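Visitor: Got a structure for you, questions after.
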Amino acid sequence: MRILIAEDDQVLADGLLRTLRASGAAADHVPDGSQADAALATKNEFDLLILDLGLPRMHGLEVLRRLRGRGSAMPVLILTAADSVEERVKGLDLGADDYMAKPFSLHELEARVRALTRRGLGGASATIKHGPLTYDQSGRVAMVDGKMVELSARELGLLEVLLQRAGRLVSKDQLVEHLCEWGEEVSNNAIEVYVHRLRKKIEKGPIRIATVRGLGYCLEKIPA
Ligand code: CA
């Protein structure tokens with residue numbers, strides 16, 4: 001899971017980055033609205049945007065308006081000053097999914113982020129089932145045939161991306177986009193290694209990650 005944080009308060013941004021990375025997400029930070037807009041307008045594959053509204057260079061509401069104007073359904077959590085009820089309402093009207101008023105606890109933020117990204121993963125349910133595999137999105141625990149599978153942070157991230165798009169082709173570039181932060185160098189070869197390891201751990205019975213040569217991977221659909 002990859003998250004973009006648009007926040008001009010560096011101390012708060014650092015706290016958010018630490019918290020989200022500790023929970024296993026890849027997180028990137030921009031300090032103003034126009035950089036946020038530019039990052040969102042390119043093909044970066046973010047799974048969630050945490051958007052401060054009081055941003056320099058472009059107001060958060062404008063960033064949000066442009067994002068929705070491009071047809072993006074990316075979950076957005078807005079951060080507002082405690083007293084700005086009006087901005088909060090405008091944000092929700094413009095298509096924000098949730099908000100937090102400053103100051104807030106990072107614990108609560110983590111819980112909201114989990115809920116929003118679950119929605120992004122195609123359902124409010126905390127558990128995804130895929131044949132004999134179950135994946136608990138809150139605890140980030142994968143089980144096959146009722147037995148827990150030990151997965152590294154990268155393997156978990158990979159499994160999440162594939163489960164979210166079960167039955168669909170996911171290119172190596174898309175995987176890199178979802179798993180890596182800016183400035184992180186992850187080659188296509190490294191992706192092949194992660195897929196290989198994940199396969200060894202989860203491919204049981206009908207669970208299969210197919211290689212589509214030259215294109216990418218597909219977690220094959222399991223007929224009900
Ligand atoms: Ca601000």
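Read-outs: derived from the displayed coordinates by stated rules, not from any lab. The shown structure was predicted, so the numbers you read here are calculated from the model rather than taken from an experiment. A quick note on method: Cβ atoms are made from the backbone with ideal geometry, for glycine too, and the neighbour counts reach across all protein chains shown.
Visitor: So in the stretch 7-35, with the set limited to residues that are within 16 Å of the ligand (Cβ to nearest atom) and small (Gly, Ala, Ser), which one is surrounded by the most Cβ atoms within 10 Å (Cβ to Cβ)?
Guide: Checked the stretch 7-35; the qualifying residue surrounded by the most Cβ atoms within 10 Å (Cβ to Cβ) is Gly33.
Visitor: Moving on. Output the number of the condition that Leu92 fails; it satisfies all remaining conditions of (1) surrounded by 17 or more Cβ atoms within 10 Å (Cβ to Cβ); (2) part of a helix (DSSP H, G or I).
Guide: Here Leu92 clears every test but (1).
Visitor: Going by the conditions given, is Ala38 within 14 Å of the ligand (Cβ to nearest atom) and assigned to a helix (DSSP H, G or I)?
Guide: The answer is no for Ala38.
Visitor: Name the strands (runs of 3 or more DSSP E) wholly inside the stretch 110-212 in which the number of residues that are aliphatic (A, V, I, L, M) is 2 or more.
Guide: Numbers: elements: 127-130, 133-136, 141-144, 147-149, 209-212.
Correct list: 141-144, 147-149, 209-212.
Visitor: Can we say His59 is under 27 Å from Ser138 (Cα atoms), within 14 Å of the ligand (Cβ to nearest atom) and free of Cβ contacts under 8 Å to residues at least 60 places away in the same chain?
Guide: Answer is no for this residue.
Visitor: While we're on this one: So which residues in the stretch 188-224 are β-branched (Val, Ile, Thr) and either surrounded by 16 or more Cβ atoms within 10 Å (Cβ to Cβ) or touching a residue at least 60 places away in the same chain (Cβ under 8 Å) (or both), if there are any at all? If you could, list the steps in order and put the result at the bottom.
Guide: Taking the stretch 188-224 first, the residues β-branched (Val, Ile, Thr) are 191, 193, 195, 202, 207, 209, 211-212, 222.
If the condition is that a residue be β-branched (Val, Ile, Thr) and either surrounded by 16 or more Cβ atoms within 10 Å (Cβ to Cβ) or touching a residue at least 60 places away in the same chain (Cβ under 8 Å) (or both), then Ile191, Val195, Ile202, Ile207, Ile209, Ile222 are the ones that fit.
Visitor: So which pairs qualify, if the first residue must be in the stretch 144-156 and surrounded by 18 or more Cβ atoms within 10 Å (Cβ to Cβ), the second must be of a type in the set (Ser, Thr, Tyr), the Cβ gap must be under 7 Å, and the two must be at least 6 apart or on different chains?
Guide: Once the first residue is surrounded by 18 or more Cβ atoms within 10 Å (Cβ to Cβ) and sits in the stretch 144-156, its partners that are of a type in the set (Ser, Thr, Tyr) give Arg154/Tyr194; Glu155/Tyr194.
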